[in-house]
Amino acid sequence: MGLASTTVKHLLLLLNFVFAVLGLVLIAFGIFFLISAAENAVSIGENVAGGLIIGLGAVILVIAVFGCLAAIHESPVRLLIYVGVVVVLILTQLLFLSMASHGTKDGLSGSINEGFDRLWEAERNESGALAYYENWLHCCGVNSSEDYWIIHHAIPSSCCLDNKCVDSTSVYKVGCKAEFVEYLDDKLLVFKIVCWLLIIGEAVGAVFGWLLYSSVKNQSRRNNAVWM
C-alpha cells in the first residue's frame with residue numbers, strides 16, 4: 001500500500017478513537033440524566049432523554065470499535081459495512097438532534113406533559129405535590145399561578161419568593177412546565193454540541209473509510225493481475 005493509503009488508515013483509526021471517547025461521554029451524560037430523573041417524584045422527560053442518550057453512546061462506541069478493527073485488518077467487507085452503518089448513524093443523530101431541539105416544546109415523547117398532568121392531579125388531591133419544582137425552578141402551578149385560582153386553591157408558599165406570599169408581586173407567575181422545558185433544553189445543549197461534533201467527524205470518517213476500501217480493493221485487483 002502507498003503512503004496515502006497508510007495515512008488514510010491512521011486517520012481513520014484516530015477518528016474512531018475520538019468517536020469511542022465521545023461515545024463514552026454520551027453514556028456518562030445519559031447516566032447523569034437518569035440520576036437527575038431519580039430525584040423527581042414522577043417521570044417528566046429526563047429518564048426518556050437519558051435512556052436515548054445512553055443508547056446512542058453505546059451504539060457509537062460499538063461502531064467505533066468495529067471501525068478500528070476494519071481499518072486494522074484492512075477488510076473490504078468490514079470497511080464497506082462500516083461506511084454504510086456510519087451513514088445510517090449520521091441520519092439517526094440528525095433525528096435525535098431534531099427531537100432535542102423541538103421535542104421538548106411539545107413534551108419529550110409525551111413524558112413532560114404526562115408527568116406534569118400527574119403532578120397536578122396529585123396537587124389537586126393533596127397540596128404540596130408541585131412544591132419541589134416550584135421551589136427549585138421558581139415557578140407556580142403547571143401553566144401559571146392562575147392554575148390555583150381555577151381550582152379555587154390558595155397560592156402555596158412554594159410559589160412565592162423566599163416562601164413568603166406578601167403580595168402579588170412576590171408570586172412567581174411562570175408555570176413549572178415551561179420552566180422545566182427551558183431547564184431541559186439548557187441541559188441538552190451539551191448533547192447537541194457533542195452530536196454535531198460526531199456528525200462532522202463521522203462524515204469525514206465515512207469518506208476515509210470509503211477511500212481505504214477503494215485502496216484495498218485496487219491493491220487486491222493489482223495483486224490478482226500480477227498472479228495472472
For region 169-189, check the following and say yes or no: at least one residue is over 30 Å from Ile35 (Cα atoms) and touching a helix residue (DSSP H, G or I) at 6+ places or on another chain (Cβ under 6 Å).
yes
Pairs where the first residue, in region 53-72, is surrounded by 23 or more Cβ atoms within 10 Å (Cβ to Cβ) and modelled with pLDDT of 95 or more and the second is aromatic (Phe, Trp, Tyr) and not in a helix (DSSP H, G or I), C-beta under 6 Å, 6+ apart
none
Within region 139-152, can one find any residue that is of a type outside the set (A, V, I, L, M, F, W, C), surrounded by 19 or more Cβ atoms within 10 Å (Cβ to Cβ), free of Cβ contacts under 8 Å to residues at least 24 places away in the same chain and more than 30 Å from Ala64 (Cα to Cα)?
yes
Please go through region 81-115 and pick out each residue that is modelled with pLDDT under 80, over 17 Å from Ile193 (Cβ atoms) and among the aliphatic types (A, V, I, L, M).
Leu108, Ile112
Looking at (1) farther than 24 Å from Tyr213 by Cβ; (2) loosely packed, with under 15 Cβ neighbours inside 10 Å; (3) at pLDDT 85 or above, which is the one condition that is false for Ile35?
(3)
Of everything in region 129-152, what is touching a helix residue (DSSP H, G or I) at 6+ places or on another chain (Cβ under 8 Å) and more than 21 Å from Tyr183 (Cβ to Cβ)? Give them in sequence order.
Tyr148, Ile151
Taking the condition charged (D, E, K, R) and over 30 Å from Phe32 (Cβ atoms), does Lys164 pass?
yes
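The values are calculated or read from the model by the stated rules, or taken from the named source; none is laboratory data. Computed from a predicted structure; not experimentally measured. Here the Cβ is made from the backbone with ideal geometry for all residues, glycine too, and neighbour counts use every protein chain on show.
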